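To start, the structure itself, in structure tokens.
The values are calculated or read from the model by the stated rules, or taken from the named source; none is laboratory data. None of the values given here were measured: they were computed from a predicted structure. Here the Cβ is made from the backbone with ideal geometry for all residues, glycine too, and neighbour counts use every protein chain on show.
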Amino acid sequence: MTVADHPVRSTVHPGARFGRLVLVEEALPGLWMARCDCGGWWPLVHAQNLRTGATRSCGCWRREHCREIGKGTLTADPPQQRPPAT
């Protein structure tokens, strides 16, 4: 089987859906323009992020999810505390 015949690679093509994103066109090798179901645009998304599921929307899902759980605004997770050096 060649890389081009790999089933995962064959799914990245114009019109393919990844979560809420629909691919429009390949802007550069491995970088795609995508349209989100909410109407937003994702100008350049890496094909690898689409295949692994790291990118599934333009950010609208996170905004909706934060509203649902009551945060209301987007905030970064608090930094992890390191244990004191001994």
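Look at region 26-41 and say how many of its residues are farther than 14 Å from Pro14 by Cα and outside any loop (DSSP other than H, G, I, E, B). Residues flagged as farther than 14 Å from Pro14 by Cα and outside any loop (DSSP other than H, G, I, E, B) within region 26-41 amount to 1. Name the single residue, out of those in region 1-31 being touching a helix residue (DSSP H, G or I) at 6+ places or on another chain (Cβ under 6 Å) and surrounded by 12 or more Cβ atoms within 10 Å (Cβ to Cβ), that is modelled with the lowest pLDDT. Of everything passing the filter in region 1-31, Val12 is modelled with the lowest pLDDT.
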